[in-house]
Amino acid sequence: MKRKLEKAISIVIFIIIILGGYLIYVNFLSYPSIKIANWNLEVFGEDKSENIELMNVYVDKIEKYDIIFVQEIRDKSESSFTKLCSELQGYSCKISSRAGRTSFKEQYGVIYKKEIDLIYLKDYNPDSKDRWERPPIEVSFKVGDYSLTIYNIHVKPDDVQNELSNLENVVSDYGNVIILGDLNADCSYYNNKNEKEFENWNWIVKDSDDTAVSSNNCAYDRIILNDDAKKEYKGYGIDKKEITKEVSNHYLVWVRIKIVE
């Protein structure tokens, strides 16, 4: 009798776990939108990853988004990003190869909720044509029945026009496509009103916006959508709260996308 009771309890617990997981999945698919972000963490390496206060800020910020790209990871040991990811609950992480023409190599980090499927990641580094200081990555996600592709890049400040032109030559305009990152596409580096790169795309972060933690009013960090992704566009923002110069010299930029076509 005792064994039968224990078996019955085990079956009930198993059913509850399966049902709970199913309800979480169904509830996730019913979400009207997701928030996608980019954040240049400014030389994120061992020093910052060992600073508890800074790590708390990074974790608190990141956990507000469904997909977030973090830039300027500089760490020869490649341990800092792993440490950051270990502090995040319910997220998966991927990282690009180390890139850069000098000894200061950088990586891109991709952080996304576990309910989201990362179905493809292309790292353009190394680039045989040497088109970028830090070649981009291309990442495709699937959220329920919704698919989107994101290109992430940290553009070299004194070569913005050339690097964006090279990026435009490799970006596919098929399906829902987003380009985001520290493009350095403003102020003395780039005049968006005069240049022609991605001129038929939708620049979400405005030229008048400020994405830099400095006295300059510059929209260095950008989000660009193709027309398909623009149909699902629900809004954007620049998260400045608690981001001081000790945290980073860049604010966090994000876009909200409707995931039900």
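The values are calculated or read from the model by the stated rules, or taken from the named source; none is laboratory data. Note that the coordinates shown come from a computational prediction; the quantities given were computed from them, not determined experimentally. Positions of Cβ are backbone-derived with ideal geometry, glycine not excepted, and every protein chain shown enters the neighbour counts.
So, Tyr120, is that one under 15 Å from the mean Cα position of the chain (by Cα) and either under 30 Å from Ile259 (Cβ atoms) or among the polar types (S, T, N, Q) (or both) or not? Steps first, please.
Working: under 15 Å from the mean Cα position of the chain (by Cα): yes; either under 30 Å from Ile259 (Cβ atoms) or among the polar types (S, T, N, Q) (or both): yes.
Criteria met by Tyr120.
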Exercise for the section: Would you please list the contacts, defined by Cβ atoms under 7 Å and residues six or more apart or on different chains, that run from a residue in the stretch 50-72 that is at positive phi to a residue that is surrounded by 16 or more Cβ atoms within 10 Å (Cβ to Cβ) and in a loop (DSSP other than H, G, I, E, B)? Expected result: Glu72/His154
Fill in the blank from the handout: Considering the stretch 123-165, residues that are hydroxyl-bearing (Ser, Thr, Tyr) and within 19 Å of the chain's Cα centre (by Cα), and then whichever is nearest to Val260 (Cα to Cα), we arrive at Tyr146
Handout entry: Considering residues of the stretch 66-98 that are buried (at least 16 other Cβ atoms within 10 Å of the Cβ) and of a type in the set (Ser, Thr, Tyr) only, the residue farthest from Gly144 (Cα to Cα)
Key = Ser80
Practice task
Would you check which residues across the stretch 98-113 are touching a Phe, Trp or Tyr at 6+ places or on another chain (Cβ under 9 Å) and either small (Gly, Ala, Ser) or not in a strand (DSSP E or B) (or both) and list them?
Solution key: Ala99, Gly109
Handout entry: Among (1) surrounded by fewer than 19 Cβ atoms within 10 Å (Cβ to Cβ); (2) under 19 Å from the mean Cα position of the chain (by Cα); (3) over 23 Å from Ser92 (Cβ atoms); (4) of a type in the set (Lys, Arg), the one test that Lys196 misses
Key = (2)
Problem - Filtered residue count, the stretch 204-226, keeping only those that are free of Cβ contacts under 8 Å to residues at least 40 places away in the same chain, in contact with a strand residue (DSSP E or B) (Cβ under 7 Å, 6 or more places away or on another chain) and acidic (Asp, Glu) - result: 1
Exercise for the section: Among what's in the stretch 199-237 and is at pLDDT below 95 and in contact with a helix residue (DSSP H, G or I) (Cβ under 9 Å, 6 or more places away or on another chain), pick the residue that is surrounded by the fewest Cβ atoms within 10 Å (Cβ to Cβ). Expected result: Asn216
Problem - Within the stretch 163-194, tally of residues that are part of a helix (DSSP H, G or I) and among the hydrophobic types (A, V, I, L, M, F, W, C) - result: 4
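Can you tell which of Val247, Val177, Val260 is in contact with a Ser or Thr (Cβ under 8 Å, 6 or more places away or on another chain) and of a type outside the set (Phe, Trp, Tyr)?
Val177
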